[in-house]
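K.L.:
Can you keep this structure in mind? I'll have questions shortly.
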Amino acid sequence: MEDTKLDLRAKEILRTNDRGGYTVPTAGLYPYQWNWDSAFVALGFAAFDIDRAWTEVGSLLAGQWPDGMVPHIIFQRVDDSYFPGPDQWGTTTSPPTSGITQPPVAATIVRRLHDLEPAKGRRRAEAALVALDRWHEWFATARDPAGRGLVAIIHPWESGRDNLPDWDRPLSFVDTSKVGAYERRDTQHVAADQRPHQHEYDRYLALVAFGRDNHWDPAAIAAGSPFWVADVGVNAILLRAERDLAALAGALGDSDIADRATRRAERLQDGLASLWSDAAGGYVSLDLRREEHATTLSAGAFLPLYAGGVPADRAERLIPTLRHWLDAVRYGVPSFDPTDPQFDPIRYWRGPIWAVVNWMIAEGLAGAGHADLADRIRVDTRALIRQSGFYESFSPIDGRGCGGKDFSWTAAIWLAMTA
Ligand code: 2M8
């Protein structure tokens with residue numbers, strides 16, 4: 001298909017996945033509103049319908065909890081085709097939501113929407129600014145009670161990179177003996193070899209039960225969650241989001257929020273530095289219960305470049321590693337080290353390429369003065385979509401599409417990379 005037709009198709013996918021003020025990631029497999037998907041969807045809509053982009057941000061932030069958390073799923077309209085649904089989460093909001101959050105990319109995208117048309121977006125940017133500040137403050141308190149500059153995730157789903165090999169060891173400590181029988185829905189929509197293993201799902205459900213049994217109380221979860229890990233992806237994305245929130249607050253004349261976001265960013269900058277592993281040769285996640293760094297690299301290793309402020313000697317190690325990865329596969333960027341034995345080119349977050357991660361890595365590279373590499377990643381992303389269509393993810397080996405098709409965030413990134 002020619003690029004102009006793909007532009008039209010991308011817009012059509014966003015329109016078709018629009019359920020009335022919010023957008024589902026894809027029909028069937030994911031019938032609800034997901035947090036970071038919605039943020040990227042807003043970026044895509046911004047290429048042709050800025051009002052609709054702001055509506056997406058508004059419906060996402062309307063799901064904010066009283067304590068500031070913005071949930072990972074908003075169950076706008078109950079639909080049995082997805083499991084676990086509202087009953088398993090046992091939250092008390094209306095509409096119901098999950099009890100966990102997701103990578104906080106929203107502030108970065110809200111800043112971009114505002115900058116596109118500052119006068120037109122002012123009122124909605126001001127409303128979003130307050131909600132985003134509350135969400136980031138929640139991260140700083142609920143997920144970093146010790147104040148070490150690293151926020152914890154309590155579930156692999158909060159990383160958005162669900163079955164990354166980084167979670168294998170921390171998950172091995174999760175007790176699944178009380179997980180009863182259940183029916184997975186994901187493998188009814190997508191081939192099982194492109195989805196997480198059953199033993200991972202059992203642990204995902206045990207962690208949902210832990211949160212539900214503790215009424216999603218942040219203090220109880222911080223004290224006892226069997227999974228308490230500093231994901232390099234979430235921490236880098238939050239740091240970038242804090243910087244963007246501070247800039248947006250400055251533009252809107254809110255010095256209180258600007259100061260708070262700047263202070264939080266300074267703390268996160270120190271925390272992120274502690275995720276560097278000389279042994280792995282990059283930034284990795286850290287199991288905060290055991291003080292164990294992951295021993296292998298994922299695409300998250302490059303996200304501190306997107307956060308900004310990576311010291312030169314560390315950037316000098318990351319860039320050759322990225323080039324080496326790109327030389328090892330046909331398309332970049334694999335979600336996990338393609339030279340590691342655990343790499344699997346089609347199994348979800350253990351190897352496939354994700355357009356949204358490519359967008360963040362390319363932004364980071366461009367900002368760090370590596371325009372050539374940023375271009376290469378954008379070229380690959382667009383080539384994958386031209387070859388296979390708007391899939392959920394893609395094999396780095398042969399470019400085939402994996403997971404759900406006509407996927408909202410892939411369409412959004414196509415539009416964002418063209419605009
Ligand atoms: C995937 O995650 C959900 C759980 O949140 C699932 O597999 O059921 C991930 O790729 C996640 O990052 C994404 O936000 C979600 C919807 O696209 O799907």
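K.L.:
Tell me what the chain gives for mean residue ellipticity at 222 nm when only DSSP H runs of n ≥ 4 count, each as -39,500 (n - 2.57), the sum divided by the residue total, rounded to 500 deg cm²/dmol.
P.N.:
Dividing the helical sum by the residues of the chain leaves -16000 deg cm²/dmol.
K.L.:
Between region 109-168 and region 266-284, what's the alpha-carbon centroid distance in Å?
P.N.:
Region 109-168 and region 266-284 have Cα centres separated by 19 Å.
K.L.:
Okay, next question. If eta is 0.890 mPa s and T is 25 °C, what Stokes-Einstein diffusion coefficient results for region 123-237, Kirkwood Rh from Cα pairs, in µm²/s?
P.N.:
Rounded, D is 155 µm²/s.
K.L.:
Order 86-92, 136-142 from most to least packed using the mean count of other Cβ atoms within 10 Å.
P.N.:
By packing density, highest mean first, the sequence is 136-142, 86-92.
K.L.:
Go through 110-119, 300-309, 393-402, 164-173 and give me the packing order, highest mean Cβ count within 10 Å leading.
P.N.:
Ranking, from highest mean packing down: 300-309, 393-402, 164-173, 110-119.
K.L.:
If eta is 1.567 mPa s and T is 4 °C, what Stokes-Einstein diffusion coefficient results for region 79-184, Kirkwood Rh from Cα pairs, in µm²/s?
P.N.:
Translational D for this selection: 76 µm²/s.
K.L.:
If you average 1/r over every pair of different alpha-carbon atoms in the chain and take one over that average, what Kirkwood value in Å do you get?
P.N.:
21.2 Å
K.L.:
If you average the sequence gap of Cα pairs under 8 Å that are 6 or more apart and divide by the length of the chain, what percent do you get for the contact order?
P.N.:
18 percent
K.L.:
What ranking, highest mean first, results for peptides 222-229, 178-185 when packing means the other Cβ atoms within 10 Å averaged over each residue?
P.N.:
Descending packing order for the listed peptides: 222-229, 178-185.
K.L.:
Right, another one. To the nearest 20 debye, what is the magnitude of the charge dipole of the chain about its Cα centre, counting +1 on the Cβ of each Lys and Arg and -1 on the Cβ of each Asp and Glu?
P.N.:
520 debye
No value in this document is a laboratory result; all are computed from the given coordinates. Quick caveat, the model's predicted, so the values are computed rather than measured. Virtual Cβ from ideal backbone geometry, glycine too; neighbours counted across all protein chains shown.
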